[in-house]
Amino acid sequence: MEDKKKVIFSGAQPSGKLSIGNYIGALKNWVDLQNDYDCYYCVVDMHAITVRQEPAELRRRTLETLAIYMACGIDPEKVTLFVQSHVPAHAELSWVLGCYTMFGELSRMTQFKEKSRKYENNINAGLFTYPVLMAADILLYNADLVPVGVDQTQHIELARNIAQRFNQVYSPTFVVPEGYVTKAGAKIMSLQDPEKKMSKSDPNPNANVNILDSRDDIIRKFKRAVTDSEACIKYDPARPGIANLMSIYSVFTGKSFEEIEREFDGVGYGDFKLAVGEACADTLAPIQERFNQLIADKDYLDSVMKNGAEKAARTAYRTLSKVYKKVGFLPYVR
Ligand code: TRP
């Protein structure tokens, strides 16, 4: 029964350069969830403009992000895959929810504080109300579960508070969503500084492997990965370089840490790194091939976005009209 399935909502910023960290930590998960849940996956271009964007770049990245998702296995026939700005209800609900969110709550958001430091010349109101738009994303679809990275848990908590507050002031309207935090094992670290998370914005290009990197680049980056001087391949969280490479190899081959330790018993780091690079490149090759096909077929991508936005809008406007009624807006008689 389709409508009995639990609802999942997740969003991702339109960053053209998704890394294997995004793939392992988020995307792969999204693909696994699509069979068992009613999933809404959204490319959040409206969140992206809270920092300055080059318009042509933003358009290109939004499309590429969508195509990467599909290339990784997100099936637009199974999920609702869409672009946030195509469904105006997100902006509309965001305004209403903003009136049920306290200045103090938003001031406490760690991401806002961090971004205010990073973009000190552009601390705009959108950056401040970012979590309200995120709450609107989630609450419009009555999502039960929201898969996110740990850095977003504070925003989920706020979305829950907003939902509960609204439900209390009026009557039950929103499902109070739960965060679904990706496991620690799924966290992929920088190849250059394995104490730090792999980040697509790392200025050192050797620190991250992108989903669309060429085979040569992938192998070269793994060759240069920072390890240690112990010269043995054993899983130990206290040795973050080797632990990270083992985690990556494990994800791409399906082998357990014990199997990997046995396979590389007495083998040098050079050969091990080459094996990790090859396993990664082998996994990404078919994804890249599919991406190239998709990105060349603009008409198809347009039709996916259109269907996605229409499907999303049907649910979203059902929620929004309930909300408008409850807060006391006069019905617009057409
Ligand atoms: N803020 C999230 C991030 O940067 C992206 C996002 C926007 C999101 N809206 C969302 C994630 C709704 C989950 C649900 O990762």
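Scanning the range 97-123 for residues that are of a type in the set (A, V, I, L, M) and either in a loop (DSSP other than H, G, I, E, B) or crowded, with 19+ Cβ neighbours inside 10 Å (or both) returns 97, 102, 109, 123.
Does residue 26 meet the test of being buried (at least 22 other Cβ atoms within 10 Å of the Cβ) and either under 16 Å from residue 288 (Cα atoms) or within 12 Å of the ligand (Cβ to nearest atom) (or both)? Answer is no for this residue.
Check the range 54-74 and report whether any residue there is within 15 Å of the ligand (Cβ to nearest atom), touching a residue at least 12 places away in the same chain (Cβ under 8 Å), among the small types (Gly, Ala, Ser) and surrounded by 13 or more Cβ atoms within 10 Å (Cβ to Cβ). Among the residues of the range 54-74, not one is within 15 Å of the ligand (Cβ to nearest atom), touching a residue at least 12 places away in the same chain (Cβ under 8 Å), among the small types (Gly, Ala, Ser) and surrounded by 13 or more Cβ atoms within 10 Å (Cβ to Cβ), which makes the answer no. Criterion applied to 80, 129 was being over 25 Å from residue 314 (Cβ atoms), of a type in the set (Val, Ile, Thr) and buried (at least 17 other Cβ atoms within 10 Å of the Cβ), and the one residue passing it is 129. When 135, 143 are screened for being out of contact with any helix residue (DSSP H, G or I) (no Cβ under 6 Å at 6 or more places or on another chain) and within 12 Å of the ligand (Cβ to nearest atom), only 143 passes. Scanning the range 132-178 for residues that are of a type in the set (Gly, Ala, Ser) and surrounded by fewer than 18 Cβ atoms within 10 Å (Cβ to Cβ), we see that the one that is farthest from residue 114 (Cα to Cα) is 171. Close contacts from the range 147-173, counting a first residue that is under 15 Å from residue 96 (Cβ atoms) and within 11 Å of the ligand (Cβ to nearest atom) and a second that is in a helix (DSSP H, G or I) and among the small types (Gly, Ala, Ser), with Cβ to Cβ under 6 Å and a gap of 6+ residues or different chains, come to 159/135. Screening 230, 259 for residues that are without any contact (Cβ under 8 Å) to a residue 24 or more places away in the chain and either of a type in the set (S, T, N, Q) or not in a loop (DSSP other than H, G, I, E, B) (or both) leaves exactly one candidate, 259. When the range 83-96 is limited to residues that are within 14 Å of the ligand (Cβ to nearest atom) and either outside the structural domain of residue 166 (by TED's automatic domain parsing) or not in a helix (DSSP H, G or I) (or both), the one that is surrounded by the most Cβ atoms within 10 Å (Cβ to Cβ) turns out to be 87. Quick one: in the range 42-76, which of the residues that are small (Gly, Ala, Ser) and either assigned to a helix (DSSP H, G or I) or touching a strand residue (DSSP E or B) at 6+ places or on another chain (Cβ under 9 Å) (or both) is nearest to residue 311 (Cα to Cα)? By that ranking, first place goes to 67. Can you spot a residue in the range 6-13 that is assigned to a loop (DSSP other than H, G, I, E, B), within 12 Å of the ligand (Cβ to nearest atom) and at pLDDT below 95? Checked the range 6-13: at least one residue is assigned to a loop (DSSP other than H, G, I, E, B), within 12 Å of the ligand (Cβ to nearest atom) and at pLDDT below 95.
The values are calculated or read from the model by the stated rules, or taken from the named source; none is laboratory data. Model, not experiment: these values are computed from the prediction. Cβ coordinates were reconstructed from backbone atoms using ideal geometry, including for glycine residues, and neighbour counts include every protein chain displayed.
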